[in-house]
1. On the basis of being free of Cβ contacts under 8 Å to residues at least 40 places away in the same chain and either out of contact with any helix residue (DSSP H, G or I) (no Cβ under 9 Å at 6 or more places or on another chain) or not assigned by TED's automatic domain parsing to the domain that holds A:G39 (or both), does A:E281 make the cut?
2. Check off (1) within 19 Å of A:Y222 (Cβ to Cβ); (2) out of contact with any helix residue (DSSP H, G or I) (no Cβ under 8 Å at 6 or more places or on another chain); (3) at pLDDT 90 or above; (4) of a type outside the set (D, E, K, R) for A:I286 and give me the number that stays unchecked.
3. Can you name the residue in region A:287-315 that is in a strand (DSSP E or B) and among the aliphatic types (A, V, I, L, M) and, of all such residues, is surrounded by the fewest Cβ atoms within 10 Å (Cβ to Cβ)?
4. Only one of A:D165, A:D124 is in contact with a helix residue (DSSP H, G or I) (Cβ under 7 Å, 6 or more places away or on another chain) and of a type in the set (D, E); which?
5. Tell me which residues, restricted to region A:117-140, are touching a residue at least 24 places away in the same chain (Cβ under 8 Å) and assigned to a helix (DSSP H, G or I).
6. Which strands (runs of 3 or more DSSP E) does region A:8-108 wholly contain that include 3 or more residues that are of a type outside the set (G, A, S) and more than 10 Å from chain B (Cβ to nearest Cβ)?
7. Assess whether A:T186 counts as being under 23 Å from A:D27 (Cα atoms), touching a Gly at 6+ places or on another chain (Cβ under 7 Å) and touching a residue at least 40 places away in the same chain (Cβ under 8 Å).
8. Is it the case that A:K116 is surrounded by fewer than 17 Cβ atoms within 10 Å (Cβ to Cβ) and either more than 14 Å from every other protein chain (Cβ to nearest Cβ) or in contact with a strand residue (DSSP E or B) (Cβ under 6 Å, 6 or more places away or on another chain) (or both)?
Amino acid sequence: MKTLKIEELSKNFGSTEVLKKINLEIDEGNFLVLLGPSGCGKSTLLNIIAGLETINEGDVFIDDYNVSKVEPKDRNIAMVFQSYALYPSMNVKENMIFGLKQAKTSKEKIQEQLEKVSKFLQVDQLLERKPSQLSGGQRQRVAIGRALVREPRIFLFDEPLSNLDAKLRVEMRREIKKLHQQLKTTVVYVTHDQTEAMSLGTNIAIMNHGVIQQNDTPEKIYNKPSNTFVADFIGSPSMNLIKGILKENSGDLLFTVGGSNLEIPIRDYDFKDKLNLNNKEVFFGIRPEHIFFKKFNESDFEINLRADLSEYIGHEQIMTFDYANQEVLAKFPSTIKIDLGKETKLYFDLTQASLFDAQTEERI
Amino acid sequence: MQGNLKSSSYQQLEQKSKYTNMFLRWFLYFILIVFASYFIFPLYVMVVTSLKTMEEIRQGTLLSWPNGLNLESWAVAWGGRGYGAGDTFLRPYFWNSIKMVVPAVFFSTFIGAMTGYVLTKWRFKGDQWVFLFLLFGCFIPFQAILLPMARTLGVLGISNSVIGLVLVHTVYGIPFTTLFFRNYYISVPTELVKAARIDGAGFFKIFFKILLPISAPIIVVTVIWQFTQIWNDFLFGSTFSFGEAAPIQVALNNMVLSSTSVKEYNVDMASAIIAGIPTLIVYVLAGKYFIRGLTSGAVKG
């Protein structure tokens, strides 16, 4: 049984297609992050799961029951909003129990839930306060509390941290992670922040233009991006994508760039399809953190590149190198001194490299 | 390279700007006093005239101070002289106006709040057109709806009654009140409504429990606006009612213009002030909320 299942879901606002044939599944207790740039449809998808938006095509199942036509309140979900959406005229206590009251829960049960949740979230001292008298972090906690008291099957979070300042955001991120570890509930979490997605999710679904680009564990998303969009979206700075051609030379496969003698051997790469690789136009993808200034692994590939630019950012520096007139970025500790304008010996960790078809931009 | 000014030249500059500032300040006060007197002057004339006897009015000037606190003209304006036919006084019409203005303000404000809520939080296909047509209602001149409205009131059988006037003012007020509430609610985050829907609240519950409790500033603005409009209205009152059912502005007009005997300026002035007092009270009581409501922007959760 899947806690949440979405089948062939499409949604359009007038002539704009927002979601195109989305398929998604979440197991009990998993933390799914919907990640993507603004306008990719991730919030719409969340609203559809909540029942706040109608569906044009497809179905939403919760515990194998088709809820496509079920009212939001009857879907056994709770939602935390970006603006917290605390009712301004009610105090914290009234905010938290509003949903239970609507559901005609017994007074004893309401009191019990309220005490349990407010202690758990450390808002039991704030129960009589109005939302306007709370700090950003406290409001966030109350908003989560309002969701918790209902003991829902699925928690929906709509960019809950983006209204907080940087420091508080990191704290609250950890709290949400702890919360999930303790309660083990199913969560769908929308964000555009890749750090949030990576640190929180057991699964990440990366979306762009209303299509899920890749739905995988954070490790797979990071190490084996399924197309150039994912490769480019995840990581900071993002993955280097060098355009070139694959050449077969007496049984060995080489990555070459036209007009230069730089060659990278492709060995032990896990191709999806080993046919027709010769003369294929590809992107060679390698992350800045997988380029080293000295040999760490036996398999590291040595190459000489000219250093063009150095960006010092404290704990590390980002160096830009020239690879046959294409820019390649690398991340080094800031203690390493590299002369600009000179050829430097670098080591590529080829076990971490990715190859993408230059036409389809899909991983090969 | 201008950092080398001697301290004496700083002093000169300081002196100079001091005189300039002083002059500008006095000039500002002068202008303000002139304009303030310009506006307070008619009121002054009204008040002093209403306190004079007819003898004093004939002999003194417009600005002269009354000889004593003579409240007789106020009593006449409010309660009449006590003889039968032809004696027009304000008391019954004042109550007519109250009976008209209270329900009309209440209904137009309430309906406006409701429409504003629907137009911002329960968007539907074509809602922008509905809003556009409502806005259009703000620009229709009073005169244009007189005939159709008269016919409507006739068909409904409520012409020449306070109820009829309540209906007219409610209908005519809805475009304005909708505009006010719509502009206010548009700054209220829609996420509040979404959260309430997930919590299980329905259309009316969300309105009464979530939105109405945070609408105090705009309610005050709307009430003041509607009260002033309806209380001061003369055209609808004189067109759709006469005789006993007339509101105070119509009665005031009848009193002042159609008196056959000598013109009693003191009584006229007292009547005019009585007719204006309720709006004044509303402004004084709710004025600071009025400004606050007009300027208040987003509602922070």
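The values are calculated or read from the model by the stated rules, or taken from the named source; none is laboratory data. These numbers were taken from a predicted model, which means no experiment stands behind them. Cβ: placed from backbone, ideal geometry, glycine included. Neighbour counts: every protein chain shown.
1. Numbers: free of Cβ contacts under 8 Å to residues at least 40 places away in the same chain: no; either out of contact with any helix residue (DSSP H, G or I) (no Cβ under 9 Å at 6 or more places or on another chain) or not assigned by TED's automatic domain parsing to the domain that holds A:G39 (or both): yes.
When the stated conditions are applied, A:E281 does not pass them.
2. Failing condition for A:I286: (2).
3. Start the filter on region A:287-315 by keeping residues that are in a strand (DSSP E or B), which leaves A:291-292, A:301-312.
Those still in the list that are among the aliphatic types (A, V, I, L, M) too: A:291, A:303, A:305, A:307, A:309.
Values: A:I291: 23, A:I303: 18, A:L305: 20, A:A307: 18, A:L309: 12.
Taking the candidates together, the pick is A:L309.
4. On the way: A:D165 fails: in contact with a helix residue (DSSP H, G or I) (Cβ under 7 Å, 6 or more places away or on another chain).
Testing whether each residue is in contact with a helix residue (DSSP H, G or I) (Cβ under 7 Å, 6 or more places away or on another chain) and of a type in the set (D, E) leaves just A:D124.
5. Filtering region A:117-140 for residues touching a residue at least 24 places away in the same chain (Cβ under 8 Å) gives A:117-118, A:120-121, A:123, A:126-132, A:134, A:136-137, A:139-140.
Those that are touching a residue at least 24 places away in the same chain (Cβ under 8 Å) and assigned to a helix (DSSP H, G or I): A:V117, A:S118, A:F120, A:P131, A:S132, A:G136, A:G137, A:R139, A:Q140.
6. Values: elements: A:16-26, A:31-35, A:57-62, A:77-80.
Fully inside region A:8-108 and qualifying: A:16-26, A:31-35, A:57-62.
7. On the way: under 23 Å from A:D27 (Cα atoms): yes; touching a Gly at 6+ places or on another chain (Cβ under 7 Å): yes; touching a residue at least 40 places away in the same chain (Cβ under 8 Å): yes.
Answer is yes for this residue.
8. Details: surrounded by fewer than 17 Cβ atoms within 10 Å (Cβ to Cβ): yes; either more than 14 Å from every other protein chain (Cβ to nearest Cβ) or in contact with a strand residue (DSSP E or B) (Cβ under 6 Å, 6 or more places away or on another chain) (or both): yes.
Yes.
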